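Undergrad: Take a look at the following structure, please.
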Amino acid sequence: MNPRAIAAPAPWDDLRARFRWQVPPALNLSVACCSAWAAAEPGRTAIIHVDAEGRATPWSYGALDEAAARLANALTARGVGRGDRVAILLPQCPEVMIAHLAIWRIAAISLPLFSLFGPDALAFRLSDSGAAAVVTDQPGIEKLAGVQGDLPDLREIFLAGPPDAPPPPGARSLWAEINASQATGVAAKTSADDPAVLIYTSGTTGAPKGALHAHRFLIGHLPSVELQHEFFPQAGDVGWTPADWAWIGGLMDLALPCLYHGVPLVSHRMRKFDPEAAYRLIAAHGVRSLFLPPTALKLMRQAPVPGDVNIRSIGSGGESLGTDLLEWGHAALGAPINEIYGQTECNLVISTCHGAMKIRPGTMGRAVPGHEVAIFDGEGRPSAPGDVGEICVRAPDPVMFLGYWNQPEKTAEKFRGDWLRTGDLGTCDGAGYFTYVSRDDDVITSAGYRIGPSEIENCLLGDEDVVMAAAVGLPDPVRTEIVAAFIVLREGAEMEGLEERLVARVAQRISPHVAPRRIRFVDQLPMTATGKILRRALRGE
């Protein structure tokens, strides 16, 4: 068994006082999350894949490691090597993990991409990262077809599908390449600080930025994961999250920690979250440990809870859950719901744990052992208990990103001295409990996603009838916020069907999860003296 970050249950203050990071100088995520288990217990179940018809296929660590080794050799044979970026454009499935493990095995950098991204969103991320290869499926191939000509760095496309199905021109069959390669060689030597994963954030004042993470960021996630899941792992634990593994929440808040700790991980694609289907999946496969975004919890609360679910722990983050939802978790699910806080650049630094602290509903919890979190005022001075200020995290920290991809200036702006600035406003009381107050930028929080307005606005401005556009978040009881677009049209624009056309444009070209759910046509947008849109005024703040 891989070592725990939290050795044994204890009160929170004791855990923080005795905690010491144990980050080995040499670390490779492929070895830590798969090869080590494959060598010790090759038959141990790593992944249980459940297809759309409910059929379950187990994957052992031995089989997973062999497939990753074969793909690593196939990538090497195609000229992909250390430091190259390889994109993974797939929904939850074993091929996602096989690709990640193979990429890390050759010291390349994995680039997870949301399977619902449209061509514009994909083109930007693939171009900005200079991705050399993509592992995708047929829907992904179709999206790439229209933008591939603008991606000179993209040399290889691997299509995940039946090995005997011929791929389209310019692509290779992923499984044919795997089956034709040897399962030989060992993982490349990498240090804990070598780059491993590039995850794009949602742009707020500009285009999305690539947050580059090192192999060590898995170790940085472990204290929070182990605490939010009540001293994870426990015998009989099985993990699942409906969150896509392309996001840091799905990948790092549960999926990779499960593999690291030898906990079977259920993979299943839900095109749209269905609470009753979620309960059936949980019951059928004995899922006990879940990462559930707040929206999923709210929807599950509205559905009847079957008697055959046996949930042990739930982690959730993105908004304050409140007393009622926390009490419902205990009463209806028989499990504590622990809240977490973090962001793509520095994830899981605040948490609750029912077994180690007194829970104060409305707060996010306390700083996780190993992480130093504080509130600073606008002048960079520590705030007094209860005063609103910016949530900051002290560097260095194993969970903290290496920097923004090819943007040293933006990276520098993220820090004030030794402290990473989250851009979120909050308070901290005298007992160390943090409460989220608001964002300090224009990010939209909707259904567990953090959405930047710039990409949406640029997409809308591509329509011939749109002169100006602003995207903001408006309150919503289920999703926290919905995306709303305020649009100035050209004179004489035809109104019939325009709203539907604009919504479809964003859904198709970027992603359905960022498409506006409300559009308002206005004569003008509020602007600053320097010509910047005052999104705060549009939100009614």
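Undergrad: Please count how many residues of the range 309-345 are in contact (Cβ under 8 Å) with a residue 24 or more places away in the chain and in a helix (DSSP H, G or I).
TA: Residues that pass the stated criteria total 8.
Results for (1) touching a Leu at 6+ places or on another chain (Cβ under 6 Å); (2) under 30 Å from N310 (Cβ atoms), shown as yes or no for each residue.
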position: W328; (1), (2): no, yes
position: I337; (1), (2): yes, yes
position: Q343; (1), (2): no, no
position: T352; (1), (2): no, yes
position: V373; (1), (2): no, no
position: G380; (1), (2): no, no
position: D387; (1), (2): no, no
position: L402; (1), (2): yes, no
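Undergrad: Could you grab me the full set of residues in the range 13-32 that are surrounded by 16 or more Cβ atoms within 10 Å (Cβ to Cβ) and closer than 14 Å to M357 by Cβ?
TA: L15, R16
Undergrad: Any residue in the range 140-152 that's acidic (D, E): show its pairings with residues that are surrounded by fewer than 19 Cβ atoms within 10 Å (Cβ to Cβ) at Cβ separation under 8 Å, as long as the two are six or more apart or on different chains.
TA: Taking only residues 6 or more apart or on different chains, the pairs are D150/S127.
Yes/no per residue for (1) surrounded by 19 or more Cβ atoms within 10 Å (Cβ to Cβ); (2) of a type in the set (G, A, S):
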| position | (1), (2) |
| --- | --- |
| D237 | yes, no |
| A246 | yes, yes |
| H268 | yes, no |
| A296 | yes, yes |
| R301 | no, no |
| R312 | yes, no |
| G318 | yes, yes |
| W328 | no, no |
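Listed here are the residues, each with its yes/no results for (1) of a type in the set (A, V, I, L, M, F, W, C); (2) touching a Gly at 6+ places or on another chain (Cβ under 8 Å).
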residue: L126; (1), (2): yes, no
residue: D150; (1), (2): no, no
residue: L159; (1), (2): yes, no
residue: D164; (1), (2): no, no
residue: P167; (1), (2): no, yes
residue: E177; (1), (2): no, no
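Undergrad: Restricting attention to the range 270-287, does a residue exist that is among the β-branched types (V, I, T) and crowded, with 22+ Cβ neighbours inside 10 Å?
TA: Taking the range 270-287 and keeping what is among the β-branched types (V, I, T), we get 282, 287.
Checking which are crowded, with 22+ Cβ neighbours inside 10 Å leaves us with 282, 287.
Yes: one or more hits.
Undergrad: Kindly indicate the residue of the range 339-375 that is of a type in the set (A, V, I, L, M, F, W, C) and over 25 Å from L212 (Cβ atoms) and also surrounded by the fewest Cβ atoms within 10 Å (Cβ to Cβ) among those meeting that condition.
TA: I359
Undergrad: Can you name the number of the only condition in (1) among the β-branched types (V, I, T); (2) closer than 29 Å to D244 by Cα; (3) modelled with pLDDT under 85 that I482 fails?
TA: Evaluating I482 over (1) among the β-branched types (V, I, T); (2) closer than 29 Å to D244 by Cα; (3) modelled with pLDDT under 85 leaves (3) as the failure.
Undergrad: Got at least one residue in the range 239-249 being among the charged types (D, E, K, R) and under 21 Å from the mean Cα position of the chain (by Cα)? Write out each step before concluding.
TA: Let us first name the residues in the range 239-249 that are among the charged types (D, E, K, R), namely 244.
Right, trim to under 21 Å from the mean Cα position of the chain (by Cα) and you get 244.
Yes, the range 239-249 has at least one match.
Undergrad: Give the residues of the range 514-541 that are assigned to a helix (DSSP H, G or I), modelled with pLDDT of 85 or more and surrounded by fewer than 17 Cβ atoms within 10 Å (Cβ to Cβ), sorted by residue number.
TA: Selection gives A537 alone.
Undergrad: Consider I157 carefully, then state whether it is hydrophobic (A, V, I, L, M, F, W, C), more than 24 Å from A56 (Cβ to Cβ) and assigned to a strand (DSSP E or B).
TA: It is true that I157 is hydrophobic (A, V, I, L, M, F, W, C), more than 24 Å from A56 (Cβ to Cβ) and assigned to a strand (DSSP E or B).
Undergrad: Can you work out which of the residues in the range 385-412 that are modelled with pLDDT of 95 or more and of a type in the set (A, V, I, L, M) is farthest from I219 (Cα to Cα)?
TA: A412
The values are calculated or read from the model by the stated rules, or taken from the named source; none is laboratory data. This structure is a prediction, so every number in the text was calculated from the model and none was measured. Reconstructed Cβ throughout: ideal geometry from the backbone, glycine too, with neighbour counts over all protein chains shown.
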